[in-house]
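Structure, as structure tokens:
Please treat every number below as a calculation from the coordinates, not as lab data. Worth saying up front: this structure is predicted, and the values here are computed from it rather than measured. Glycine gets a Cβ as well: all are built from the backbone with ideal geometry, and neighbour counts include every protein chain shown.
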Amino acid sequence: MNTADIRLALFACIEPGVALWSREIAERGLDAVYDRITTRKYDTVKHAGLMERFATFELDVARESIIKSGGVFITCDDENWPSSLNDLEVPPLGLIVKGDVALLTQRSLAIVGTRNPTPYGIRIAGDFAAGFVDREWAIVSGGAYGIDTAAHRGALVAEGRTIAVIASGIDIQYPAGNARLFEEICENGAIVSEVMPGVIAMPHRFLTRNRVIAALSKSTLVVEAAFRSGSLRTARDAAELMKPVMAIPGPINSPSSEGCHRLIGERAAELVTSVADAIELISAL
């Protein structure tokens, strides 16, 4: 097997975001890790699930499933690979992209937030998305209900381009209510996944995909987030990459804005109230 085939096999069988395998690959190299897994030189009890996935893995079937889903598999060896992903503590082994692969290397802003927004949050997310695409930025979000949906739609309504980084395979429209939105995104943007087609979304995969959202984007904007929110994880992932993080303030008694106020209060995010503010802040850093 060549390097691309080995990387696809590892991508298909290893759960994304696991630091152990990232360290092993960095220290031993792709070929050595692949050989050690296939010859069962790792703990066969601790890694029983992984060993089983490798035992049943078929390269041709994996390739065909990606093609049938309308995607392409890219790795750090491809010219359209976003180099910022390599700065992550646990960089992806690869990505499956449906849509315009070249969009991944263009200037973009991540807009994230709660799945249960207020009308204020929906309006602000859409307005900021539209304002940034008017300035020829792409918008990155997670394809979920709430702020994610508002951000994607804001970009599309303004005839801009947007990227959805999802926690399932590109052939699984999750959430189902956003099926039409995903179709619209693919027409001029891209859907990105760190798992194979057919893989369903699981709670932990939303957290691991958040680091991809942060790394793909030049900056991250949080619009309405609860005190404990996955969006705060995205913000902290961006901060660890030394990328500017911004947050929209809300009413002081709004639970939907507690996370934003927390970020601002901890000086983990800059307060912004307009697209012009945000552009000025990003340009100054």
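Across the stretch 60-166, the relative contact order, built from alpha-carbon pairs under 8 Å that are at least six residues apart, equals 22 percent. The stretch 206-249 to the stretch 146-184: how many Å between their Cα centroids? Computed from Cα coordinates, the inter-centre distance equals 18 Å.
Once a ≥ b ≥ c are taken as the square roots of the eigenvalues of the Cα gyration tensor of the stretch 1-160, is the result rounded (a/c under 1.5), prolate (a/b larger than b/c) or oblate (a/b not larger than b/c)?
prolate
Distance between the modelled labels on ILE200 and ALA284, one decimal in nanometres: 4.8 nm (7 Å Cα→Cβ projection). Rounded to whole numbers, the Karplus 3J(HN,Hα) couplings from phi for the stretch 35-42 are 4, 5, 6, 5, 9, 6, 8, 9 Hz, using 6.51 cos²θ - 1.76 cosθ + 1.60 with θ = phi - 60°, and x at Gly and Pro. Note: relative contact order over the stretch 3-90, using C-alpha pairs below 8 Å and six or more positions apart, is 35 percent.
A cut-off under 14 angstrom between Cβ atoms defines the neighbours of VAL192, and their net charge, with Lys, Arg +1 and Asp, Glu -1, is 0. In order along the stretch 191-199, the Karplus-derived 3J(HN,Hα) couplings, from 6.51 cos²θ - 1.76 cosθ + 1.60 at θ = phi - 60°, round to 10, 10, 9, 9, 10, 6, x, x, 7 Hz, and Gly and Pro are given as x.
A Förster radius of 25 Å combined with the Cβ-Cβ distance from GLU52 to ASN2 puts the calculated FRET efficiency at roughly 0.55. Normalising the average separation of contacting C-alpha pairs (under 8 angstrom, six or more residues apart) by the number of residues puts the relative contact order of the chain at 16 percent.
Against the chain, whose longest principal axis comes from its Cα atoms, helix 119-134 is set at around 80 degrees.
Between TYR174 and ASP78, what is 0.36 nm times their sequence separation minus the Cα-Cα distance? Round to one decimal in nm.
Details: separation 96, 0.36 × 96 = 34.56 nm, distance 2.78 nm.
Gain on stretching TYR174 to ASP78: 31.8 nm.
For the stretch 244-249, the Karplus equation 6.51 cos²θ - 1.76 cosθ + 1.60, evaluated at θ = phi - 60°, returns couplings of x, 10, 10, 9, 8, x Hz by residue, with Gly and Pro reported as x.
On the principal axes of its alpha carbon atoms, the stretch 101-284 extends 41, 33, 31 Å, with the longest extent given first.
For the stretch 3-90, the gyration tensor built on C-alpha atoms gives an oblate shape. Its axis ratio a/c (a ≥ b ≥ c) is at least 1.5, and a/b is not larger than b/c.
Rounded, prolate or oblate for the stretch 132-211? Axes are the square roots of the Cα gyration tensor eigenvalues, ordered a ≥ b ≥ c, and the cut-off for rounded is a/c under 1.5. Prolate shape, in that a/c is at least 1.5 and a/b is the bigger ratio.
Placing +1 on the Cβ of every Lys and Arg and -1 on the Cβ of every Asp and Glu, with no other charges, gives the stretch 101-284 a dipole of roughly 420 debye about its Cα centre. Taking the 0 to 90 degree range and rounding to the nearest ten, how far is the long axis of helix 3-13 tilted relative to the main principal axis of the chain, both from C-alpha atoms? So the inclination is approximately 70 degrees.
Using the alpha-carbon atoms, what tilt in degrees (0 to 90, nearest 10) does helix 230-240 show relative to the longest principal axis of the chain? With both axes taken from Cα atoms, the answer is about 80 degrees. Under 5 Å from the amide H of TYR42 lies no amide H of any residue 5 or more positions distant or on a separate chain, with H modelled from the backbone and absent for Pro and chain starts.
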